[in-house]
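*Asks:* My questions will all concern the structure given below.
The values are calculated or read from the model by the stated rules, or taken from the named source; none is laboratory data. From a predicted model like this one, the values you see are computed outputs, not experimental measurements. Glycine also receives a Cβ, built like all others from the backbone with ideal geometry; neighbour counts cover every protein chain displayed. Note: areas computed on protein heavy atoms with side chains; ligands, DNA, RNA excluded. Shrake-Rupley method; radii C 1.70, N 1.55, O 1.52, S 1.80 Å.
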Amino acid sequence: MTRRRLAYERLVPLLALVGAVPALVVALVLLWTGEHEARTRWTFSILMVGSWLGFALALRERLIRPLHTVSNLLAALQEGDYSMRAQLGDPANSLGLVAHEINTLGTTLREQRLEVLEATALLRRVMQEIDVAVFAFDSDDRLVFANRAGVRLLSRSEESMRGRRASSLGLGDLLDGKSPRVVDLSFPFASSRWELRVSQFRQDGKPHRLLLLSDLSRVLREEERKAWQRLVRVLSHEINNSLAPIRSIAQSLSSSLDAEPSPSVGSSYDLRQGLDVISGRSEALARFMSSYARLARLPPPKLESVDVGGWIRRVVELETRMPIEIRPGTPIRILADGDQLDQLLINLVDNAVDAASETDGSVRIGWSSDPTHLELWVEDGGPGLLDSGNLFVPFFSTKPEGSGIGLALSRQIAEAHHGTLTLANRNGEGGCIARLRLPLVPSPGS
């Protein structure tokens with residue numbers, strides 16, 4: 001290309017020179033054969049030769065420089081620089097038309113590039129925000145991308161995972177097999193039923209695979225919670241409508257009995273005892289329904305800075321039945337609803353103390369953290385869990401006086417903070433351990 005360009009640059013002035021040779025020769029012959037002085041002959045000869053050479057060089061400059069400009073513009077477009085513009089005269093002439101088309105092409109390419117960049121940014125934002133774990137692997141099954149849900153699922157930073165093989169991340173077996181399918185999987189802080197999907201895509205001309213994991217249990221729990229909330233609202237409305245007149249009539253009858261001048265002792269005692277029973281059970285049932293209604297009225301968390309150590313010590317001081325050992329971790333603060341976290345931890349501590357009291361065991365509480373999450377644990381030396389399937393079911397309780405909402409409400413609070421709450425028997429030891437895992441930085445919209 002260099003040799004052709006140089007040949008073309010030399011060819012243009014050469015053709016201009018050759019084209020003017022006949023006229024120049026004739027003019028010189030006439031000048032030197034005529035009756036002119038030598039000074040005149042030399043002056044006009046130099047003038048004609050100089051004009052001839054100057055015209056050839058001007059023609060070269062006029063034709064070659066615009067081509068250089070066009071070449072530079074095309075090179076800039078190839079490099080992705082769309083800011084350069086050509087100024088080659090009126091679009092009515094050929095060079096001006098070429099410049100106009102190149103400028104139009106640059107504008108079009110710039111708009112298309114902006115559209116691609118905006119679409120890519122939107123896609124990455126959507127991938128980060130969806131509550132589905134997304135992993136992208138190259139042709140060697142090395143991780144090239146993981147969204148926020150995937151990072152949270154594996155409890156590792158994306159930088160530490162990028163470039164590692166799927167097998168080393170515990171995802172190798174998931175890339176093969178039928179898709180979509182439902183699988184039961186256990187991760188460091190999440191054991192659930194997942195819908196698994198694997199698809200193919202190409203990037204930079206190379207094949208890649210996309211792995212998506214959707215937590216079905218979380219969705220089912222949310223629908224179950226909504227069903228319980230609707231049921232509780234209906235029950236609360238109907239039972240409270242019945243309790244109000246019963247309580248009112250019982251109080252009216254009791255007042256009438258007090259005002260009776262000479263009631264018989266036996267009938268008065270029986271009637272008063274019956275009214276007391278009606279009134280007492282009405283109030284107990286009202287308190288019972290009020291506790292369940294809390295599940296349906298849990299407000300969104302109001303985030304504030306919470307000191308983890310102070311929060312735990314404050315709750316521990318409320319428990320007076322037995323001393324609780326605190327095993328502190330690194331001092332840390334989180335963004336959360338302090339009142340809701342108090343209620344959550346009170347429920348966990350209350351359950352742990354109840355369990356430990358059965359076997360004269362102890363209760364310990366502590367926490368640890370990594371760059372993304374806080375993990376708080378409460379363990380007891382009680383008899384352990386016998387029926388873990390109904391732990392978080394509202395209305396279910398193994399305690400004689402239990403309402404059956406403590407753990408359900410606690411998990412609802414944890415999930416409202418985009419965290420998890422799990423209970424399991426301690427490995428190799430008696431008792432149970434509850435693990436609360438909360439993100440240090442709440443998800444958008446929380």
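*Asks:* So which residues in segment 142-170 are in contact with a strand residue (DSSP E or B) (Cβ under 7 Å, 6 or more places away or on another chain), among the small types (Gly, Ala, Ser) and in a helix (DSSP H, G or I), if there are any at all?
*Replies:* 149, 150
*Asks:* Just to verify a result, which residue in segment 333-373, among those that are over 15 Å from residue 436 (Cβ atoms) and out of contact with any strand residue (DSSP E or B) (no Cβ under 7 Å at 6 or more places or on another chain), is surrounded by the most Cβ atoms within 10 Å (Cβ to Cβ)?
*Replies:* Checked segment 333-373; the qualifying residue surrounded by the most Cβ atoms within 10 Å (Cβ to Cβ) is 354.
*Asks:* Among the residues of segment 380-394, is there at least one that is touching a Phe, Trp or Tyr at 6+ places or on another chain (Cβ under 8 Å), at pLDDT below 85 and within 25 Å of residue 325 (Cβ to Cβ)? Before you say what the answer is, go through the steps one by one.
*Replies:* Going through segment 380-394, the residues touching a Phe, Trp or Tyr at 6+ places or on another chain (Cβ under 8 Å) turn out to be 390, 394.
Within this subset, residues satisfying the condition of being at pLDDT below 85 are 390, 394.
Subset that is within 25 Å of residue 325 (Cβ to Cβ): none.
Checked against the condition, which is being touching a Phe, Trp or Tyr at 6+ places or on another chain (Cβ under 8 Å), at pLDDT below 85 and within 25 Å of residue 325 (Cβ to Cβ), segment 380-394 yields no hits at all.
*Asks:* Let me ask you something else. Within segment 188-241, count every residue that is out of contact with any Leu (no Cβ under 9 Å at 6 or more places or on another chain), of a type in the set (Ser, Thr, Tyr) and at pLDDT below 70.
*Replies:* Result for segment 188-241: 1.
*Asks:* Also, I was wondering about something else. Determine if segment 10-22 includes at least one residue that is at pLDDT 75 or above and either within 60 Å of the chain's Cα centre (by Cα) or over 26 Å from residue 65 (Cβ atoms) (or both).
*Replies:* Within segment 10-22 (the criterion being at pLDDT 75 or above and either within 60 Å of the chain's Cα centre (by Cα) or over 26 Å from residue 65 (Cβ atoms) (or both)), the answer is yes, since at least one residue qualifies.
*Asks:* I'd like to verify a number: residues in segment 330-352 that are assigned to a helix (DSSP H, G or I) and under 19 Å from residue 302 (Cα atoms), how many?
*Replies:* Filtering segment 330-352 for residues assigned to a helix (DSSP H, G or I) gives 338-352.
Those still in the list that are under 19 Å from residue 302 (Cα atoms) too: 338-346.
Qualifying residue count for the region: 9.
*Asks:* Would you check if residue 376 is modelled with pLDDT of 90 or more and either hydrophobic (A, V, I, L, M, F, W, C) or open to solvent by 20 Å² or more (accessible area, probe 1.4 Å) (or both)?
*Replies:* Numbers: modelled with pLDDT of 90 or more: yes; either hydrophobic (A, V, I, L, M, F, W, C) or open to solvent by 20 Å² or more (accessible area, probe 1.4 Å) (or both): yes.
It is true that residue 376 is modelled with pLDDT of 90 or more and either hydrophobic (A, V, I, L, M, F, W, C) or open to solvent by 20 Å² or more (accessible area, probe 1.4 Å) (or both).
*Asks:* Out of 186, 168, 192, 179, report the one residue that is over 23 Å from the mean Cα position of the chain (by Cα) and under 22 Å from residue 156 (Cα atoms). Break it down into steps so the answer makes sense when it comes.
*Replies:* On the way: 186 fails: over 23 Å from the mean Cα position of the chain (by Cα); 192 fails: over 23 Å from the mean Cα position of the chain (by Cα); 179 fails: under 22 Å from residue 156 (Cα atoms).
It is 168.
*Asks:* Same structure, new question: For residue 96, state whether it is free of Cβ contacts under 8 Å to residues at least 40 places away in the same chain, farther than 30 Å from residue 168 by Cα and loosely packed, with under 13 Cβ neighbours inside 10 Å. Don't jump to the end; show me each part of the working.
*Replies:* Details: free of Cβ contacts under 8 Å to residues at least 40 places away in the same chain: yes; farther than 30 Å from residue 168 by Cα: yes; loosely packed, with under 13 Cβ neighbours inside 10 Å: no.
Spelling it out, it is not the case that residue 96 is free of Cβ contacts under 8 Å to residues at least 40 places away in the same chain, farther than 30 Å from residue 168 by Cα and loosely packed, with under 13 Cβ neighbours inside 10 Å.
*Asks:* Also, I was wondering about something else. For segment 357-372, how many residues meet the condition of being among the hydrophobic types (A, V, I, L, M, F, W, C) and either at pLDDT below 90 or within 24 Å of residue 335 (Cα to Cα) (or both)?
*Replies:* Step one: of segment 357-372, the residues among the hydrophobic types (A, V, I, L, M, F, W, C) are 363, 365, 367.
From the residues that got through so far, the ones that are either at pLDDT below 90 or within 24 Å of residue 335 (Cα to Cα) (or both) too are 365, 367.
Number satisfying all stated conditions: 2.
Quick grid of which residues meet (1) in contact (Cβ under 8 Å) with a residue 24 or more places away in the chain; (2) open to solvent by 50 Å² or more (accessible area, probe 1.4 Å):
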| position | (1), (2) |
| --- | --- |
| 113 | yes, yes |
| 117 | no, yes |
| 121 | no, yes |
| 124 | no, yes |
| 128 | no, no |
| 133 | yes, no |
| 137 | yes, no |
| 153 | yes, no |
| 162 | no, yes |
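*Asks:* Looking at segment 301-328, which of the residues that are among the charged types (D, E, K, R) and touching a Lys or Arg at 6+ places or on another chain (Cβ under 8 Å) is most open to solvent (accessible area, probe 1.4 Å)? Talk me through it step by step, then tell me what you get.
*Replies:* Pass one, segment 301-328, residues among the charged types (D, E, K, R): 302, 304, 307, 313-314, 317, 319, 321, 325, 327.
Now narrow it down to the ones that are touching a Lys or Arg at 6+ places or on another chain (Cβ under 8 Å): 307, 325, 327.
Values: 307: 56, 325: 86, 327: 107 Å².
This residue is 327.
*Asks:* If you take the residues of segment 413-446 that are over 17 Å from residue 342 (Cβ atoms), among the hydrophobic types (A, V, I, L, M, F, W, C) and under 24 Å from the mean Cα position of the chain (by Cα), which of them is modelled with the lowest pLDDT?
*Replies:* The residue in question is 441.
Condition check ((1) more than 23 Å from residue 200 (Cβ to Cβ); (2) in a helix (DSSP H, G or I); (3) at pLDDT 80 or above) across all residues:
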| residue | (1), (2), (3) |
| --- | --- |
| 113 | yes, yes, yes |
| 118 | yes, yes, yes |
| 123 | no, yes, no |
| 126 | no, yes, no |
| 134 | no, no, yes |
| 140 | no, no, yes |
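*Asks:* Evaluate the following for residue 410: is it outside any loop (DSSP other than H, G, I, E, B), at pLDDT 85 or above and open to solvent by 10 Å² or more (accessible area, probe 1.4 Å)? Step through it out loud before you land on a result.
*Replies:* Values: outside any loop (DSSP other than H, G, I, E, B): yes; at pLDDT 85 or above: yes; open to solvent by 10 Å² or more (accessible area, probe 1.4 Å): no.
Taking the combined requirement at face value, the residue does not satisfy it.
*Asks:* Counting just the residues of segment 200-211 that are open to solvent by 50 Å² or more (accessible area, probe 1.4 Å) and not acidic (Asp, Glu), which one comes out nearest to residue 173 (Cα to Cα)? Spell out how you get there, then give the answer.
*Replies:* Start the filter on segment 200-211 by keeping residues that are open to solvent by 50 Å² or more (accessible area, probe 1.4 Å), which leaves 200-207.
In the following step, the residues that additionally are not acidic (Asp, Glu) were identified as 200-203, 205-207.
On the way: 200: 16, 201: 19, 202: 21, 203: 23, 205: 25, 206: 22, 207: 19 Å.
Out of the qualifying residues, it is 200.
*Asks:* Give me the pairs: first residue in segment 17-35 and under 18 Å from residue 50 (Cβ atoms), second residue open to solvent by less than 40 Å² (accessible area, probe 1.4 Å), beta-carbon distance under 8 Å, and six or more apart or on different chains, which are they?
*Replies:* 17/56; 20/56; 28/45; 31/45; 32/45
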